[in-house]
Amino acid sequence: MDFLWLIPALPLTGFLVLALTAQRLSRPIVSLVGVGSVGGSAVMVAWAAVDFLRRMPGETSYTKKLWTWMDVGGLHLDMAFYIDTLTLVMMLVITGVGFFIHLYSTGYMAEDKDYARFFACMNLFVAAMLILVMAENLPLLYLGWEGVGLCSYLLIGFWYTDKANGYAARKAFVVTRVGDTAMAVGLFLLYNQLGTLQIQDTMSRAATVWPQGSATATLAALLLLGGAVGKSAQLPLQTWLPDAMAGPTPVSALIHAATMVTAGVYLIARTHVLFMLSPLAMTVTAVIGAATLLMAGFSALVQHDIKRVLAYSTISQLGYMFLALGVGAWSAAVFHLVTHAFFKALLFLCAGAVIHALGGEQDMFRMGGLKDRLPLTFWAFLTGASSLAALPLITAGFYSKDMIIWEAYASPLGGMGFWLVAMIGALVTSLYTFRMMWLTFAGPVKTPVHHPPGLSMTVPLVVLAVLSLLAGFMETPRTLGGIHAFSSLLHSCLPETVLDHGREAHEMLFEIIAAVTALGGIAWAWVLYRPKDGSTAESPASRLPKSLQRFWLGGWGFDGLYDRLFVRPYLALAHFDKNDVIDRVFSAIAQLGRSGHRVLSLTQNGQLRSYIWGIGLGAAAVVFMVVYL
Amino acid sequence: MIMAWLILIPVLSGIFAWSLELRFRGSARWTALVALAVGLGFTCYLAHQPFELVPSGGPYFMNLDIPWIASAGIHFHLAMDGLSLVLVLLTHFLGIVAVLSSWTEISEKAGFFYFNLLWVLAGIIGVFLSMDLFLFYFFWEMMLIPMFFLISVYGHENRIYASVKFFLFTQISGLFMLLAILGLYFVHGKQTGQYTFNYFDLMGTPMTGTMGILFMLGFLTAFAVKLPAVPFHTWLPDAHTEAPTAGSIILAGLLLKTGAYGMIRFVIPLFPEASAAAAPAVMALSVVGIIYGALLALSQTDFKRLVAYTSVSHMGFVMLGIFAWNTLALQGAVVQMICHGLSTGALFFLAGILKDRLHTRDLGQMGGLWATAPRLAGMTLFFALASLGLPGLGNFIAEFTILMGVFQVNKIIAATASLGLVGAAVYSLWIIQAAFHGPLKVKKTFADLSFRETAALTLMLVGLVYLGLNPGPVFRMAQPSLDHLTRIVSITNPGLPNPAKPFSFNTSTPHPSENPGGTGHAIR
Amino acid sequence: MLTIPTSHGLLLAGIIFILGLVCVLVRRNIIFILLGLEIMFNAAGLAFVVAGAKWGQPDGQIMFLFILTTAAAEVSIGLALVFGMVHHLHTLDIDQADGMKG
């Protein structure tokens, strides 16, 4: 597997070629470079995966050192890649889904004048994301971590002439940077205590140095959690993701649904040893996940913009993953990460196809009746939506979400409370998903279709739709066949979830409740939001009080809160002090000199006689002093 | 002798450039370019083979000691170690960039301009090489006066105010240092009977605590003003804003580094106890500087002023690293000096280019320039990202190692300083937003980067990426010097509750044979 | 020979000096100021002569001759300045000549 370095290097080369030739290449060549590099990378990942699985039970990990990055003052860091099954899963998702989204983009972005810049950023993103998951040490992971943040910034602000996009981009970067800084401090703490930042060494040393429940371990875990929370848009740093929808839709699909935002989940899974040392950190993770999934779910319920629905839905689904991590359901979290990558990317791409077809319209209330105009998109969207709503038995989302919900109850760290939250979340998910479905595709036509999607856009939809259905069968519950292909693959690097034996018996019952809830949610959505004949779709959640709707629409007021608490005071302070108060001190000294000068210069008045007075009095004073002192 | 030539080349070619320009217009810039290229060649030659030259003991691989005013113990004493070498290399490199940046900007009185430019550089190189405190002070003043002329003659609208302010701040703080030098000279002379300005002899002079604190403060004031540390930074925004492009590049890239260099070379080794006592206060001040600079940078509307405040923030990291005084933090500080020189130098270069094209430095009047000048925008984006410490670029390595080193010493301070990373993101992205994003405000078209500009900026870009991915060469070059200095401090300052202890994973045992006093003389 | 006490001579010199000084200080006419200066010169000269007489040395009288010479030079330059002043300012009032204030 010596070619491992080529996997991130290929997209990186794509980026360099596209960035350096700056618009001079023709569009077909740009597409070839942009899509080809990711495709080539995907092929190599597949090859590496096969190679790795062939050696599997013997070797559970593989490390490849490229060169020494830093070796200073006892800190030794390599440019090195570390592969295990968790990494492989992530790499497959990144390059696989990434490839199809790139392919889709050739159609979606075809008319954009900055075609090359778009693909340059996308390629850079794939490279950085691969480095993030393949990193052998935490600073290298941090490099990828900030790298994906940069690409996210560049792509959210891709249409830079609109100031709002630039604002959204900066908001995304700065908010995640807050989390990143916490994470950086976490790295300092880990190095300070353990003397290494190489991930596997850090974990093994942590397990030996720190006792279970140690305060330092908790602090370190919470600091890393800060980074994860920022990147994965969890409470309290979730505010950037809905605004991040300002970017082109393929960007939302790749970065803000399938890959980058899941980096937080990856980080926690990667450092699970540390988290398992601290029950407090685990509980905090689970509580954050639970709170986020509810909050975002309710927000998704009232949005008008189709992409914002999906954005809140992403936050909510990431909340499920955090809940899973927090209760120690490691495989479940990663499993949901994978299926979510498929169906959410699919939903975003479908939404993109709709927006593209309608000439840039994103408001669901101006859509409608697209079922017949865009049949393929409709069926793909329906698949994705069913998967998101966890339609029982046939969709991937059902298996992964069910696994989380079940383990949130059955794990010793979980319990009835978490289960209940997850169930309410599931109900809300079905509700907002099918609300979106009916509003967009059913009812009367409101905006005419301009550009039906071309082949480059429909192929990825079909592939992802198939994956959103089939991916679930990698892992099924005991009651439904008990296939454990996915989790047994991951068990070489992630511990198995221990289930509480007393609760295990109810598995069947809980599954039925979950299935009924999902179906019930869909049915309720039908009752609430189904197109009423003749009438233009009345405001969906109009039964709810207006103020509550506004509250949810604005994301529970977090934006305003942070604006008042941090942004405005910071800006006000900066502008208040624009001319630097400290300079006043020095100006005052200068002023003192100047006024002294003015006072003394008064004595030089040009009057000869006053000078003589001065001389006379001075002489008299000197004589007086000589004689009497 | 090669060290003397490193100083003499710019001095002589400065005079030559001035006189030649009187006869042939446009010849001075070529003279300056050639002179600096020759100097760079020399330095690169040295950088290629220093470590073979090291005899046992001491990091110095070159030494030149000529009596100057022997009766007063003043020598023309130069010595070079890895630390000096790295900085001299940076000086030549940024000198060339400065010449390239003023290629077309300066057309009037060009001879005098390049004369001053070369003399400033000569002074800076002298500062980095002097091992005699009197000589050091001489060079310290020598770089001040030509810089004054660069600002006051070739600057922008408010240049007289800025240049006088710059002059007063540095001159007055320099006088404190002169007092401290003389005090040290007499204290040492009285105790040993040997009146000398030799750096190696003065090291370890026993003195009372108060005296040590006073002398240390004398040096520290001069260096803190130069660095600049809050609250002595206010000359910097004015000087940067009003200076011509080349002046800003040299100010930010090099002059500020002399302050940091002075702290590493003189403040802590000469006064270890006093420095250890002052370290917590100085580190706290650095953190204030980091955050204050980042805060004020955001509110500036003048591009150059904004970058000037970012310098305050970045150099705060340097001072923080120096006073943490362990290998990690010190190495970080050295890398930060280089990377800040490159990234901020480049940002000033870009500000100069924008000013040249648009005739304004006001960010409020720019906007949407990405469409007009994509190469310019891309370059600015890159250097703004370097400035915010994006991993993969040199500045990240620097800030990361500094903070990591500081964390070993003081966790609270390190964690607070990390907030500077958030502030850096805010102001760096604001530059991009204000100048390049948003609706197009400037309607006229203008040329994108020329070949000369692209080449100079690309060199700096490559340097930053290289340092970000493989900082090893710089670490290795500075390592012997820093080891040596930390060892001296731990020898002369054994029983002290010293924050400046090397990190426990890297404890180095002091070797008495590598005694500081003799090393400078023992080698060629 | 009748001897006058030195203190009397010095007192006289002092009185004359003060008279001259007061003349310089209170008069605004430049001619009178020059007169005042001359009186002060003479007071100083008298003091020299008295002191010379006290110690029986000729130095005091030699100094008086110097003072005479200086006074002559001073008067000639002073009168030249008076001419200049009348020419430029058309007045003899010294307070009008205050062009050199800071």
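Derivation of every value follows stated rules applied to the coordinates shown; laboratory data play no part. Keep in mind the model is a prediction, meaning the values are calculated, not measured. We place every Cβ from the backbone using ideal geometry, glycine too, and count neighbours over all the protein chains shown.
Give a residue-ordered list of calculated ³J(HN,Hα) values for segment A:450-461 (Karplus: 6.51 cos²θ - 1.76 cosθ + 1.60, θ = phi - 60°; whole Hz; x for Gly, Pro).
8, 10, x, x, x, 4, 4, 8, 7, 4, x, 4
When the dipole is taken about the Cα centre of chain A, and only Lys, Arg (+1) and Asp, Glu (-1) are charged at their Cβ, what size is it in debye, to the nearest 20? It would help to have the intermediate numbers written out before the result.
Details: 38 positive and 34 negative charges, 359 e Å.
Dipole of chain A, to the nearest 20 debye: 1720 debye.
Would you mind checking segment B:120-137 for residues with the amide N under 17 Å from a putative spin-label position 7 Å along Cα→C-beta of B:Leu182?
Inside the label zone: B:133-137.
What's the average, rounded to a whole number, of partner chain beta-carbon atoms within 10 Å of each residue's beta-carbon in A:71-81?
Working: counts 5, 19, 20, 10, 10, 1, 2, 0, 2, 0, 0.
Average neighbour count from other chains, rounded to a whole number: 6.
Using the basic label-point model (7 angstrom from Cα toward the beta carbon), what is the A:Val622 to A:Asp112 distance in nanometres?
8.6
Efficiency by 1/(1 + (r/R0)^6): what FRET value for B:Ala284 and A:Met508, r their Cβ-Cβ distance, R0 = 41 Å, to the nearest 0.05? List each step's numbers first, then the result.
Working: r = 63 Å, r/R0 = 1.53.
Once rounded, the FRET efficiency stands at 0.05.
Under the Karplus relation 6.51 cos²θ - 1.76 cosθ + 1.60, θ = phi - 60°, what is the ordered set of whole-Hz ³J(HN,Hα) values for segment B:374-382, x standing for Gly and Pro?
x, 5, 4, 5, x, 4, 4, 4, 4
Going 7 Å from the Cα of B:Arg375 toward and past its Cβ, which residues in segment B:433-476 have a backbone nitrogen under 12 Å from where you end up?
Within reach of a label on B:Arg375, which here means backbone N under 12 Å from a point 7 Å along Cα→Cβ, segment B:433-476 contributes B:447-458.
Pop the C-beta distance of B:Leu12 and A:Arg584 into the FRET formula with R0 = 45 Å and round what comes out to the nearest 0.05.
Details: r = 44 Å, r/R0 = 0.99.
Working from the Cβ atoms, E equals 0.50.
State the extension gain, in nm to one decimal, for the chain segment bounded by A:Arg373 and A:Arg598, taking 0.36 nm per residue of separation less the distance between their alpha-carbons. Please report the intermediate quantities before stating the final value.
Numbers: separation 225, 0.36 × 225 = 81.00 nm, distance 8.51 nm.
Value of the extension gain: 72.5 nm.
Amide H neighbours of A:Ala135 under 5 Å, counting only residues 5+ apart in sequence or on other chains, H built in-plane at 1.01 Å?
The answer is A:Tyr82.
How high is the FRET efficiency between A:Val498 and A:Leu519 when r is their beta carbon distance and R₀ equals 30 Å, given to the nearest 0.05? Show your work: numbers first, answer last.
Numbers: r = 31 Å, r/R0 = 1.03.
Working from the Cβ atoms, E equals 0.45.
Net charge near B:Asp132, counting Lys/Arg +1 and Asp/Glu -1 over other residues with Cβ under 12 Å of its Cβ? The partial results should precede the final answer.
Details: positive: none; negative: B:Asp65, B:Asp201.
In short, -2.
Expressed as a whole number of Å, what is the distance separating the alpha-carbon centroids of segment A:596-629 and segment B:437-494?
First find each Cα centre; the distance between them is then 61 Å.
Which is farthest toward the positive dipole end of chain A among A:Phe118, A:Gln549, A:Ser105, measuring Cα position about the Cα centre, with Cβ charges +1 (Lys, Arg) and -1 (Asp, Glu)?
A:Gln549
Tabulate in residue order the Karplus-calculated ³J(HN,Hα) for segment C:5-13, using 6.51 cos²θ - 1.76 cosθ + 1.60 with θ = phi - 60°, rounded to whole Hz; enter x for Gly and Pro.
So the Karplus estimates, Gly and Pro as x, are x, 4, 4, 5, x, 5, 4, 4, 4 Hz.
Points 7 angstrom from Cα along the Cβ direction at A:Leu571 and A:Thr60: gap in nanometres?
Placing both labels 7 Å along Cα→Cβ, they lie 5.2 nm apart.
Can you pull the one-decimal nm distance between simple spin-label points at A:Leu548 and A:Trp526, each 7 Å off the Cα toward Cβ?
Result for the modelled spin labels: 2.5 nm.
Nothing charged except the Cβ atoms of Lys and Arg (+1) and of Asp and Glu (-1): what's the magnitude of the dipole of segment B:290-403 about its Cα centre? Round to the nearest 20 debye. Could the numbers behind the result be given before it?
Working: 6 positive and 4 negative charges, 48 e Å.
In debye, rounded to 20, segment B:290-403 gives about 240.
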